[in-house]
Amino acid sequence: MKKKTYVIGHRNPDTDSIASAIAYAELKRLLGEDGTVAAMAGEPNPQTAYVLERLGIEPPLYLADVHPKVRDVLNRKPVTAGADLPMMQALELFHRNNIRVLPVVDAAGKPSGIVSLLKLSEKYLLTGKDRMRGVNTSLRSLAISLEGDFLCGAPCDDHEHLHLFIGAMEQESFSARIDGYPPESLLIITGDRRTIQLAGIEKGVRLLVVTGGLAVEKDLLTKAAELGVTVLSTPFDTATAAWLTRLSTPVGLFAETNFERIGVGEPLSHLKLKLLHSGEPAVIVVEEDGTLAGIATKSSLLAPIPSSLILVDHNELGQAVHGADELEIREVIDHHKLGNSHTNQPVTFITAPVGSTCTLVAGLYRHEGVELAPSFAALLLAGILSDTVILKSPTTTNRDRETVLWLEQLAGLDHGEFGKEIFAACSGLAGYGTPEKVITTDFKVFTGSSARFGVGQVEVIGFDEFFAMREELKGALAELKQREGLDLAGLMVTDIYTETTLFLVEGKKELAHVMGYPQVEAHLYELKGVMSRKKQMVPHLLQVLEKI
């Protein structure tokens, strides 16, 4: 399976996050890394959706989580057996394929049992009077194992418990030996010993096996037919025939029907628990329709995961797609504060205090000398203009400004007009659908030394719509704060023209005394000149929460 690398932003992606993922994945592919795929950990917000449609660019692959699944480590070429396969042929499958577990499947390909080589050996080698003599088989399975021909009677698929005797002594001694057993349970193996053959037929045994391919006299076959005795001829000698007879048991009779199973789409962690705590050597893996997909053993847990991640526009696992901590993180490209955990291997980590991750990605195109297509230049331009609020945010750097000038030439766009178009197209709060969507579409959680808080942000043109729905937004904030166990939950509503933010917040009562900005009304503050969550709002809240 070819390994894939997903370039992906944070869970509540904005235009910068999705644009940088798409553009960087494209750069990787242009540099020869064909397995690189752009992805997103959440649905695009209205602004991002507008930009992608405007530029004719498909949204990236949506990944709700990247937890490794059972299918990621599964060998989908399992060796299987039907329930009627003789044990001898099953042992050949074990040996030829170097396997320890053999699933038994029905005609539809669904698993009905599992046979392990260890348990099969234990059952076969167990001693005891009946175990050494008893044979569970069918006449058809026995004929297959002995490569035999029916001289009298016919094959039957019914499973029977037979008692095996070798006719290698005088007739009187042999007859005394088999007395006490029901005739219909007797399986007699002998050579060209007429007296033994006749004694068995007259007793009405279930099956008489004549070895060496030797002929059976016609009058004996006639008598066998009259008494309902099946006669089978095998080319093998008596010793070999006895051994093969014991190996003729259909493998389905040895199968464990209470076995561990798991679906291909279940998390790999579930498989690990089953393998480590069930005591079973293997777990049956099934497709969604219940058919066999493969066999998972403890060695499956050592198989390499066929996917890895490149994180863009974030570096904290708390903001990353669910399951990111279980995959290899190959690279990080970000412009936020560092909050990443340790990694098992060295990674490429590109970070700088710029206004947009797209600025860094554009710089990588220039560094590699790779030509940017106009549509991708426009996409990166949109990401920068969105994150820097058309270069008005205090996070904007000269590097952002210089990159914008370069990109607008490649895209054939005026950055000022393009930026106004982007914000004007999606400035209304109604486009988000619900108050909760307004808050959570671009909501990030932060952890300080004394508190855990979350802040969402939306850009608008004028505050009329916000004031019309502030009560609904306040209620949604309160629910989110309680659900996520936050000390504070807030929403920045930023007017890109007046460069003013109204901050609606649910937190502690003491907040009003230490907020440091004018309080418009309960739970609402006016922050003139504040446009950046990263550079202005979050650092301020960290200081405020320290005082409470």
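The values are calculated or read from the model by the stated rules, or taken from the named source; none is laboratory data. The structure presented is a predicted model; accordingly, all values stated were derived computationally and were not measured. Cβ: placed from backbone, ideal geometry, glycine included. Neighbour counts: every protein chain shown.
Side notes on the structure shown:
- Test: Val73 is over 30 Å from Thr15 (Cα atoms), β-branched (Val, Ile, Thr), modelled with pLDDT under 95 and touching a Ser or Thr at 6+ places or on another chain (Cβ under 9 Å): yes
- When segment 391-420 is limited to residues that are in a helix (DSSP H, G or I) and acidic (Asp, Glu), the one that is nearest to Val361 (Cα to Cα) turns out to be Asp400.
- All of Lys218, Lys203 fail the test of being of a type in the set (Lys, Arg), farther than 16 Å from Arg133 by Cβ and in contact with a helix residue (DSSP H, G or I) (Cβ under 7 Å, 6 or more places away or on another chain), apart from Lys203.
- Of the criteria (1) in contact with a strand residue (DSSP E or B) (Cβ under 7 Å, 6 or more places away or on another chain); (2) free of Cβ contacts under 8 Å to residues at least 12 places away in the same chain, which one Glu160 fails: (2)
- Residue that is surrounded by the fewest Cβ atoms within 10 Å (Cβ to Cβ), among those in segment 341-360 that are without any contact (Cβ under 8 Å) to a residue 40 or more places away in the chain and part of a loop (DSSP other than H, G, I, E, B): His342
- When Ala64, Ala83, Ala41 are checked against the criterion of being more than 24 Å from Leu317 (Cα to Cα) and either of a type outside the set (Lys, Arg) or touching an Asp or Glu at 6+ places or on another chain (Cβ under 8 Å) (or both), Ala83 stands alone in meeting it.
- The residue that is nearest to Gly475 (Cα to Cα), among those in segment 414-426 that are crowded, with 19+ Cβ neighbours inside 10 Å and without any contact (Cβ under 8 Å) to a residue 60 or more places away in the chain, is Gly419.
- Filtered residues of segment 18-66 (kept if free of Cβ contacts under 8 Å to residues at least 12 places away in the same chain and farther than 27 Å from Lys420 by Cβ): Arg29, Gly32, Asp34
- Any hit, segment 284-303, residues being part of a loop (DSSP other than H, G, I, E, B), farther than 30 Å from Phe446 by Cβ and modelled with pLDDT under 90: yes
- Qualifying positions in segment 111-144 - part of a helix (DSSP H, G or I), at pLDDT 75 or above and under 27 Å from Ile295 (Cα atoms): Leu117, Leu118, Lys119, Leu120, Ser121, Ser141
- Output for segment 22-47, where each listed residue is in a helix (DSSP H, G or I) and more than 22 Å from His367 (Cβ to Cβ): Pro46, Gln47
- When segment 361-375 is filtered for residues that are surrounded by 24 or more Cβ atoms within 10 Å (Cβ to Cβ) and either over 26 Å from Gln536 (Cα atoms) or in contact with a strand residue (DSSP E or B) (Cβ under 9 Å, 6 or more places away or on another chain) (or both), only Val361 remains.
- Residue in segment 27-71 that is farthest from the chain's Cα centre (by Cα), counting only those that are buried (at least 17 other Cβ atoms within 10 Å of the Cβ) and among the charged types (D, E, K, R): Lys28
- Of all the residues in segment 264-299, those that are farther than 19 Å from Lys119 by Cα and more than 16 Å from the chain's Cα centre (by Cα) number 5.
- Residues satisfying the stated conditions in segment 48-61, i.e. assigned to a helix (DSSP H, G or I) and either in contact with a Gly (Cβ under 7 Å, 6 or more places away or on another chain) or of a type in the set (A, V, I, L, M) (or both): Ala49, Val51, Leu52, Leu55
- Filter result for Leu221 (touching a residue at least 60 places away in the same chain (Cβ under 8 Å), in contact with a Phe, Trp or Tyr (Cβ under 7 Å, 6 or more places away or on another chain) and more than 27 Å from Glu122 (Cβ to Cβ)): no
- Listing of helices (runs of 4 or more DSSP H) fully contained in segment 145-251 that carry 2 or more residues being closer than 30 Å to Gly113 by Cβ and at pLDDT below 95: 238-246
- Residues located in segment 83-105, provided they are part of a strand (DSSP E or B) and either exposed (fewer than 15 other Cβ atoms within 10 Å of the Cβ) or under 25 Å from the mean Cα position of the chain (by Cα) (or both): Val101, Leu102, Pro103, Val104, Val105
- Subset of segment 428-475 that is small (Gly, Ala, Ser) and under 17 Å from Asn12 (Cα atoms) - its residue that is farthest from the chain's Cα centre (by Cα): Gly431
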